[in-house]
Amino acid sequence: MPVESIQETMKFEIQAYRKPRNIRDLRSMNVAFSGSPRKHPHDHQRVILVVDPVSTNTFFYEFQIDDITYVENQTNIVNFENETIPMVRVWIKKGSLGIRSTPFVVEDTI
């Protein structure tokens, strides 16, 4: 069973953020996470970041949109259906609460 069948999410275009003046301050006050942004299915104040969207064995992060300090576009990837998947690096304020989830299908291991 593919992970998409558990709960499919919509692509999420993140709004532009102003580039920080000092990269050292950005690194000292934030932590970077990379992945493909998706809309949260229930909470419009949260964003989901799928770490490896073309893998069958992936995980995702969930963050409050207000905790995002800066977003950098990264090279897009193309899936097996020739669809372009946007990839970004988001800088999250240190001390923010995030969720890391690993979906899986429960099966016997025999």
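Pop the C-beta distance of Asn82 and Thr102 into the FRET formula with R0 = 35 Å and round what comes out to the nearest 0.05.
Values: r = 27 Å, r/R0 = 0.78.
The calculated FRET efficiency here is 0.80.
Can you give the FRET efficiency for Lys93 and Asp52, using 1/(1 + (r/R0)^6), R0 = 30 Å, r = Cβ-Cβ distance, to the nearest 0.05?
Here the calculated transfer efficiency is 0.80.
Under a Cβ-Cβ cut-off of 14 Å, what is the net charge of the residues other than Arg27 that fall near it, where Lys and Arg count +1 and Asp and Glu count -1?
Numbers: positive: Lys19, Arg21, Arg24, Arg89, Lys93, Lys94; negative: Asp25, Glu72.
In short, +4.
Using the Cα centre of segment 26-67 as the reference point, and only Cβ charges (+1 on K/R, -1 on D/E), how large is the resulting charge dipole? Debye, rounded to the nearest 20. Show your work: numbers first, answer last.
Working: 4 positive and 5 negative charges, 20 e Å.
Here segment 26-67 has a charge dipole of around 100 debye.
For His40, which sequence-distant residues (separation of 5 or more, or a different chain) have an amide H within less than 5 Å of its own amide H, given hydrogens modelled in the peptide plane?
Arg46, Ile48
Quick note: the coordinates plus some simple rules give every number you see, no bench work behind them. All values reported here derive from a predicted model rather than from experimental measurement. All Cβ positions, even for glycine, are placed from backbone atoms using ideal geometry, and neighbour counts span all protein chains on display.
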